[in-house]
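Visitor: There's a structure below that I have some questions on.
Just so you know, all these numbers are worked out from the coordinates, no wet-lab data involved. In this text, all values refer to a predicted model and were calculated from it rather than measured experimentally. For neighbour counting, all protein chains shown are included, and Cβ atoms are generated from backbone atoms with ideal geometry for every residue, glycine included.
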Amino acid sequence: MEYLKLNKSRHAVKHFDGTKIPTVDVKQIISTAALAPSANNLQPWLFTIVESKERRELLIDETEPGNVSQLEEAGAIIVLFSDTAIAERSQEIAQKFGNMMAPEMMQRFNKIYPERFAKFTPKYTTDFLALNAGIVTMNLVLAIKDFGYESNIILGFHRTDHVNEALDVPLRYRPELIITLGRSNEKGEPHFGLPQDMLVKIV
Ligand SMILES: Cc1cc2nc3c(=O)[nH]c(=O)nc-3n(C[C@H](O)[C@H](O)[C@H](O)COP(=O)(O)O)c2cc1C
């Protein structure tokens, strides 16, 4: 779909008809979304597809009441985690995929980035991960729309280790956002867009 048309047609949808979205589609959507840019191309993401009914229920237990029905009705649920172990991730990338990289790139992942990440303050690391999570989530909801499904982004859940336990995800990963997707009769409403003079400053 043409980009502007795609962007204008995507709206937050909060009721789904419960039809299961095939996992193959969810995986293709995630592959498309993961084309998103990321700082140092670290792609510090883990997209957890919640297939099991039991795990969906455990996740619902961690969700704010106003968002529960969305999780119950969704045709698929993705929970986006960030990898907080960014230095380790960088070296793991070098070790696993170094043979596919130019030597300079391998050196960046193996040494230069880990040394840089080691100097990050906790706040900087948090911001780094949150920014990368936001960017890939935007790509995700556009990809979902392009595949013919509706979606919503949910921050309203308890973003604690309980989510890791519920979904059997190691604690080095931090829960960021839940993305619900599915088929819906709702098409959502064009959102109230703020005027440019509130959003843009030309200096
Ligand atoms: C970071 C973020 C967090 C959000 N959290 C929630 C949420 O917890 N529950 C919910 O129903 N919608 C949530 N939304 C959806 C917004 O309400 C929705 O995107 C916004 O009203 C604009 O509407 P649109 O997506 O149709 O343009 C969230 C959206 C974003 C980007």
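Visitor: Round to a whole angstrom and tell me the spacing of the C-alpha centers of the range 165-200 and the range 1-66.
Guide: Taking the Cα centre of the range 1-66 as reference, the centre of the range 165-200 is 8 Å away.
Visitor: What distance in nm separates the two pseudo spin-label positions at L35 and K187, each 7 Å out from Cα along the beta-carbon direction?
Guide: Going from the L35 label point to the K187 one covers 2.6 nm.
Visitor: Among V68, P22, F81, whose Cα lies farthest out toward the positive end of the dipole of the range 18-124, if unit charges sit on the beta carbon of Lys, Arg (+1) and Asp, Glu (-1)?
Guide: F81
Visitor: Could you state the per residue volume, in Å³, of the convex hull enclosing the Cα atoms of the range 6-69?
Guide: About 151 Å³ per residue, rounded to a whole number.
Visitor: Ranked highest first by average number of other Cβ atoms within 10 Å, how do 52-62, 186-196, 131-141 line up?
Guide: Top to bottom by mean Cβ count within 10 Å: 131-141, 52-62, 186-196.
Visitor: Let's test this: bin the Cα-Cα distances of the chain at 10 Å from zero up to the farthest pair and state each bin's percent.
Guide: Histogramming the chain at 10 Å steps yields 8, 31, 33, 21, 7, 0 percent.
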